[in-house]
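Reviewing the structure listed below.
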Amino acid sequence: MMMMSSTSLEAVEGGAAKAGAYDAVAVEARWQDAWSSASVFATPPQDERPSSYVFAGCPFTSGDAHLGHIRSYTISDAHARFLRARGHAVLFSLGFDSFGLPAELEAIRRDVSPQAWVEECCTRMRGQFEQLGYSCDWDRTFVSSEPEHYRWTQWLFLAMMEKGLVYQRDAQVTWCDSCQTVLAALQSEDGECWRCHGEVRFVRRPQWFMRISAYIEDNENGLEDLPGWDKAAVGSQRAVLGRIDGVEVDAVVLGGGELPVFTPHADSIADAAFVAVSPTHLEVDSFTSQPEVAEQLEQVREAGWRRDDRGVERAQVVQTGMQASVPGASSLLPIVISSLVDARFGPTAVLGIPERDETDRGIAERLEKSAGTAWKLTKSNAPPRPAARYRARDFPISRQRAWGAPIPLVHCPGCGTVPVPREALPVSLPDDLQVSGDGNPLAEHADFLECSCPKCQGPAKRETDTIDCHVDGMWMWVPICVPAEDRSTSMFSHPEFQRWLPAKQIVWGADAGGYMFDQRLIGKVLQDLEELPPLEAREPFANALMHQMIRMDGRKMSKHLGNVVDPNELIGRVGADVVRLAVLNAASPGKAFNWNDQPVRHCQSFLETLWDYAEPRLREWNQPPGGEIDASGRLRRRLSTWCRVACDKITVNLEQLEMQRATHNTMLLLTRIQGFEKRAVDQRGELDDADREAIAAALLLLVQMLAPCTPHIAEELWAVAGNETLLSATPWPADDES
Ligand SMILES: [Zn+2]
Ligand SMILES: [Zn+2]
């Protein structure tokens, strides 16, 4: 028991204080059971209340939950709890992102099947989330590697293929040698593999691509019109688009053909020194008529972004020997091929202007002086036309690994490539799938491989590539909306899905801009497929918050760096409420913060103080909830005003997901209530009945304000005050009109 203040209950008539130590872990487990048996977080049927869907992503099943998850889900859980109390019908849950390389590699390392490993992760992570008191409707959860789930990934693949949004081409793709897989653009950064940080290179092979380029403008147009998105979320979408504004002119290639070339420097076209074409430009092969040039281009493709080649001095610059006449340029310009174009402008052709661009200067220094071919420069009157380039581009979605949704296609010697009929989905992975690390076990699994052609019924072989788990992530916000028992027959056109759109609130970590972009795209694809009726502004998410990362010693937390906080140890030591309060109170969601013991100690001390102060007072002086504070007398009037102001502020804070302010204002209210008691005793020698009632009413209000953030201790104090209904099922205190 902590020391009571000078105004402790012992001094108060009848105050049989017996405030014991607060056993967080026991109390928390008890309330979690109570919530579960009362089904307070079950998804409500549609009624007159607003339907509000809160979604914060689905964790990868590659191990334990980490603090980044805890930050995302605590912010979104607090908001979901707040919305429920405010009278919304709330959908809040999460699924598990269980396909893909990390899970596969971990299964190999542990020498278990990927199914067994994923199941273990799901059980453990769900246990952690339950321990943290997240108000998830677990009846709505899902695991993306379950056949009843990935049949819809396959369905989406086929529907998008029919619309030309998924297409195959023999293409140069980014390849990681150590992971033996093709990487999506998002999975490689500066020539490094996202997972193993090894160098990546280009190889050519037939690949399925997702045509996100068809939605670039759609996803950009919407951005002006998203009042409920915070700056970071909108900014992340602009970063993914990678839009560069400039002008375009038509170069005339000597020897035939026109080539639109782009530059962001409209006023410096006269200074252009060369034309640079990306090796991924659609027409790049038309510049390789000379065999040695074709050979060099092949080398660029083979070598790709070798790590030491990335600098401008080392990157390959293929001189094609061809020249172009560019309107506005002062001389004929040599045409070069270089991957230095891609990272800056995408798969395009650009003017090299050394005066304006350091990379261009580097390229120019390496060019042989051309022999000054005699050629009449194009005298064009056409002014340069405004144009833009985007770094966002179509990305490959097929993988040569087994732990993913099989691509639902069949190769028939007579009919060619035949899609599996929708009613025959899912194409399931073998139950006895084992992964070893080399090659693709599906290609060696006869039961999987051999099949009959859906068209001619003759013997055929299944496609053995699987769909990249990035595609799973693109629609992972959908399944939660659909009751689990209906998912085997209906998904994207289910009325419950439509009911929850647009989602009331999305909460994402700062590294999820690419996922968000592609999820918005899928929302638009589903409207264009007429699975979904048109949404306002075509956007599936009404409000979006992008929170920053939690760091450790100034660095990103990662297993790789060995600076990961173990959430189990932390929760076991201080309890879930302290952990929740610490991640909310340490910084506003928009700010990164460095993890250390300080916020934990601060929040633990606050909750101890709250318990020691509030528990005996609420028990002895219990008040019906929503009780008016007798505002006669100057001190009580002031307390009443503080309560009203705190309630107003915290309501706005929680509405706007300003959780740090919400917790700060709640802590402040406790200080004010304690201050009131001290002054009242100082002035009058002891508290009167109206004072005691005022304190109990103020504390009860505080407990309600705190419930979204630290629900267990709030529930306990609520019960201590004699309330027989669950606080988690109690309406928010009425707004005071005054
Ligand atoms: Zn790799
Ligand atoms: Zn056939």
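The values are calculated or read from the model by the stated rules, or taken from the named source; none is laboratory data. On a predicted model such as this, the values are computed, not experimentally measured, just so you know. Backbone-built Cβ (ideal geometry, glycine too); neighbour counts: all protein chains shown.
Could you tell me which residue of segment 186-217 is farthest from ligand 1 (Cβ to nearest atom), considering only residues that are of a type in the set (Gly, Ala, Ser) and out of contact with any helix residue (DSSP H, G or I) (no Cβ under 8 Å at 6 or more places or on another chain)?
Looking at residues that are of a type in the set (Gly, Ala, Ser) and out of contact with any helix residue (DSSP H, G or I) (no Cβ under 8 Å at 6 or more places or on another chain), I get 214.
Got at least one residue in segment 197-209 being touching a Phe, Trp or Tyr at 6+ places or on another chain (Cβ under 6 Å) and at pLDDT 90 or above?
Yes: one or more hits.
Okay, residues lined up against (1) away from ligand 1 (no atom under 16 Å from the Cβ); (2) aliphatic (A, V, I, L, M); (3) out of contact with any Gly (no Cβ under 9 Å at 6 or more places or on another chain):
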residue: 459; (1), (2), (3): yes, no, yes
residue: 469; (1), (2), (3): no, no, no
residue: 474; (1), (2), (3): yes, yes, yes
residue: 484; (1), (2), (3): yes, yes, yes
residue: 495; (1), (2), (3): yes, no, yes
residue: 502; (1), (2), (3): yes, no, no
residue: 511; (1), (2), (3): yes, no, no
residue: 522; (1), (2), (3): yes, yes, yes
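Restricting to segment 171-185, count the residues that are modelled with pLDDT of 80 or more and either near ligand 1 (Cβ under 7 Å from one of its atoms) or not assigned by TED's automatic domain parsing to the domain that holds residue 207 (or both).
Counting residues in segment 171-185 that are modelled with pLDDT of 80 or more and either near ligand 1 (Cβ under 7 Å from one of its atoms) or not assigned by TED's automatic domain parsing to the domain that holds residue 207 (or both) gives 2.
Checking residue 425 against (1) within 20 Å of residue 170 (Cα to Cα); (2) at pLDDT 95 or above: exactly one of these is not met. Which one?
Going through (1) within 20 Å of residue 170 (Cα to Cα); (2) at pLDDT 95 or above one by one, residue 425 breaks only (1).
If you check residue 319 against the conditions, is it surrounded by fewer than 20 Cβ atoms within 10 Å (Cβ to Cβ), outside any helix (DSSP H, G or I) and modelled with pLDDT of 85 or more?
Judged against the criteria, residue 319 is a match.
Okay, residues lined up against (1) more than 16 Å from ligand 2 (Cβ to nearest atom); (2) in contact with an Asp or Glu (Cβ under 8 Å, 6 or more places away or on another chain); (3) more than 30 Å from residue 536 (Cα to Cα):
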site: 181; (1), (2), (3): yes, no, yes
site: 188; (1), (2), (3): yes, no, yes
site: 191; (1), (2), (3): yes, yes, yes
site: 196; (1), (2), (3): yes, no, yes
site: 206; (1), (2), (3): yes, yes, yes
site: 220; (1), (2), (3): yes, no, no
site: 226; (1), (2), (3): yes, yes, no
site: 230; (1), (2), (3): yes, no, no
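In the list 213, 236, which residue meets the criterion of being hydroxyl-bearing (Ser, Thr, Tyr) and in the same structural domain as residue 170 (by TED's automatic domain parsing)?
213
Under 8 Å between Cβ atoms, at least 6 apart or on separate chains: pull out the pairs that start in segment 338-351 with a residue that is within 16 Å of residue 190 (Cβ to Cβ) and end on any residue that is among the polar types (S, T, N, Q) and modelled with pLDDT of 95 or more.
Final answer for the pair search is none.
Scan segment 701-738 for residues that are in contact (Cβ under 8 Å) with a residue 40 or more places away in the chain and not in a helix (DSSP H, G or I) and report the count.
Looking only at that region, the number is 16.
Going by the structure shown, is residue 652 farther than 20 Å from residue 578 by Cα, over 34 Å from the mean Cα position of the chain (by Cα) and among the aliphatic types (A, V, I, L, M)?
The answer is no for residue 652.
From (1) crowded, with 16+ Cβ neighbours inside 10 Å; (2) among the basic types (Lys, Arg); (3) more than 30 Å from residue 508 (Cα to Cα), pick out the condition that doesn't hold for residue 205.
So the condition that residue 205 fails would be (1).
Kindly list, by first and then second residue, each pair from a residue in segment 58-71 that is free of Cβ contacts under 8 Å to residues at least 40 places away in the same chain to a residue that is outside any loop (DSSP other than H, G, I, E, B), limited to pairs with Cβ atoms under 6 Å and residues at least 6 apart or on different chains.
Every condition considered, no pair remains.
Being part of a helix (DSSP H, G or I), touching a Cys at 6+ places or on another chain (Cβ under 6 Å), of a type in the set (A, V, I, L, M) and in contact (Cβ under 8 Å) with a residue 12 or more places away in the chain is the requirement here; does residue 698 meet it?
When the stated conditions are applied, residue 698 passes them.
Could you tell me how many of the residues in segment 658-689 are modelled with pLDDT of 95 or more, over 18 Å from residue 709 (Cβ atoms) and polar (S, T, N, Q)?
Summing the residues that are modelled with pLDDT of 95 or more, over 18 Å from residue 709 (Cβ atoms) and polar (S, T, N, Q) in segment 658-689 gives 1.
If residue 383 satisfies every condition in (1) within 17 Å of residue 246 (Cβ to Cβ); (2) modelled with pLDDT of 95 or more; (3) exposed (fewer than 15 other Cβ atoms within 10 Å of the Cβ) but one, which is the exception?
Failing condition for residue 383: (2).
Determine, yes or no, whether residue 238 is surrounded by 16 or more Cβ atoms within 10 Å (Cβ to Cβ) and charged (D, E, K, R).
no
Just give me the residues in segment 268-287 being among the hydroxyl-bearing types (Ser, Thr, Tyr) and within 17 Å of residue 360 (Cβ to Cβ), in sequence order.
Matches in segment 268-287: 268, 278.
List the residue pairs whose Cβ atoms are under 6 Å apart, where the first residue sits in segment 408-421 and is outside the structural domain of residue 455 (by TED's automatic domain parsing), the second is near ligand 2 (Cβ under 7 Å from one of its atoms) and assigned to a loop (DSSP other than H, G, I, E, B), and the two are 6 or more positions apart or on different chains.
none
Would you confirm, using the coordinates I've provided, whether residue 275 is β-branched (Val, Ile, Thr), at pLDDT 95 or above and not in a strand (DSSP E or B)?
So residue 275 fails the test.
For every residue, the table says whether it meets (1) touching a Lys or Arg at 6+ places or on another chain (Cβ under 6 Å); (2) crowded, with 20+ Cβ neighbours inside 10 Å; (3) under 30 Å from residue 197 (Cβ atoms).
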| residue | (1), (2), (3) |
| --- | --- |
| 566 | no, no, yes |
| 580 | no, yes, no |
| 594 | yes, no, yes |
| 612 | no, yes, no |
| 628 | no, no, no |
| 636 | no, yes, no |
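Inspect segment 412-422 for any residue being β-branched (Val, Ile, Thr) and either in contact with a Ser or Thr (Cβ under 7 Å, 6 or more places away or on another chain) or not in a loop (DSSP other than H, G, I, E, B) (or both) and give the result as yes or no.
Yes, because at least one residue in segment 412-422 is β-branched (Val, Ile, Thr) and either in contact with a Ser or Thr (Cβ under 7 Å, 6 or more places away or on another chain) or not in a loop (DSSP other than H, G, I, E, B) (or both).
Report whether or not residue 619 is touching a helix residue (DSSP H, G or I) at 6+ places or on another chain (Cβ under 7 Å) and over 30 Å from residue 478 (Cα atoms).
When the stated conditions are applied, residue 619 passes them.
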